[in-house]
1. Using the structure shown, decide if Asp115 is part of a loop (DSSP other than H, G, I, E, B), at pLDDT 95 or above and of a type outside the set (Ser, Thr, Tyr).
2. Is one or more of the residues making up the stretch 129-145 within 14 Å of the chain's Cα centre (by Cα), without any contact (Cβ under 8 Å) to a residue 60 or more places away in the chain and under 19 Å from Phe46 (Cβ atoms)?
3. Within the stretch 130-158, count every residue that is closer than 25 Å to Glu73 by Cα and either touching a Cys at 6+ places or on another chain (Cβ under 6 Å) or surrounded by fewer than 17 Cβ atoms within 10 Å (Cβ to Cβ) (or both).
4. Restricting attention to the stretch 70-95, which residues are closer than 22 Å to Tyr39 by Cβ and acidic (Asp, Glu)?
5. Does the stretch 104-119 contain at least one residue that is touching a residue at least 40 places away in the same chain (Cβ under 8 Å), surrounded by fewer than 16 Cβ atoms within 10 Å (Cβ to Cβ) and either farther than 28 Å from Val27 by Cβ or hydrophobic (A, V, I, L, M, F, W, C) (or both)?
6. I'm checking my understanding of the structure. Among residues of the stretch 40-81 that are surrounded by 14 or more Cβ atoms within 10 Å (Cβ to Cβ) and more than 13 Å from the chain's Cα centre (by Cα), which one is farthest from Leu132 (Cα to Cα)?
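The values are calculated or read from the model by the stated rules, or taken from the named source; none is laboratory data. Being a predicted model, the structure only gives us computed values, none of them experimental. As a convention, Cβ positions derive from the backbone with ideal geometry for all residues, glycine included, and neighbour counts pool all protein chains shown.
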Amino acid sequence: MAPDPDARWADLSGRIEAGKHILALRVYHEDTDFTGLVYHANYLKFCERGRSDFLRVSGIGQSELFAGEGGKEPAAFVVRHMDVDFLQPARMDDVLEIVTHVDEIGAAAMTLRQDVTRDGAVLVTLRVKIVLISGSGKPRRLGALVRSSLERFVNQEG
């Protein structure tokens, strides 16, 4: 049996702690603007990484969904709506944590709350509604795998 490639980097996708997903990342020069602060759009990329790794750690393989494995129609999560509050700036070399909570799970969508923190201080808050869509672009009901993988995280503010 071939070794699991993810086992070598188990911490790469973050961790689940007290009902929430935490992904650590460092701010690099490329993440900042001419003022030396993180460029606002990069927080969206940081949070996208947090959401993707949250799903991965929860047992939901987005590549498998997209490929339509198991004879299912291909599907993907897309962003439907997003609210962002920029509270404090981050700078080069800061170590940030992207903390992801599940607020609610609906029929075809879920709402997540994400906080970008540094040393426990919240820098950015984001509330995002993501929808599962079919390959043809129509909303698709969340299946049993998605529900069973994520229901344990709903409203676990910890």
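1. No.
2. Looking for residues that are within 14 Å of the chain's Cα centre (by Cα), without any contact (Cβ under 8 Å) to a residue 60 or more places away in the chain and under 19 Å from Phe46 (Cβ atoms), one finds at least one in the stretch 129-145, hence yes.
3. Step one: of the stretch 130-158, the residues closer than 25 Å to Glu73 by Cα are 130-151.
Then drop every residue that is not either touching a Cys at 6+ places or on another chain (Cβ under 6 Å) or surrounded by fewer than 17 Cβ atoms within 10 Å (Cβ to Cβ) (or both), which leaves 134-139, 141, 143-145, 147-149, 151.
Qualifying residue count, the stretch 130-158: 14.
4. Residues satisfying the conditions are Asp83, Asp85, Asp93, Asp94.
5. The answer is yes, given that some residue of the stretch 104-119 is touching a residue at least 40 places away in the same chain (Cβ under 8 Å), surrounded by fewer than 16 Cβ atoms within 10 Å (Cβ to Cβ) and either farther than 28 Å from Val27 by Cβ or hydrophobic (A, V, I, L, M, F, W, C) (or both).
6. Taking the stretch 40-81 as the starting set, the residues that turn out to be surrounded by 14 or more Cβ atoms within 10 Å (Cβ to Cβ) are 42-44, 46-58, 60, 62, 64-65, 72, 74-77, 80.
If we keep only those that are more than 13 Å from the chain's Cα centre (by Cα) as well, we get 42, 64-65, 72, 74-76, 80.
On the way: Asn42: 24, Glu64: 13, Leu65: 10, Lys72: 13, Pro74: 10, Ala75: 7, Ala76: 6, Arg80: 10 Å.
Applying the filter and picking the extreme gives Asn42.
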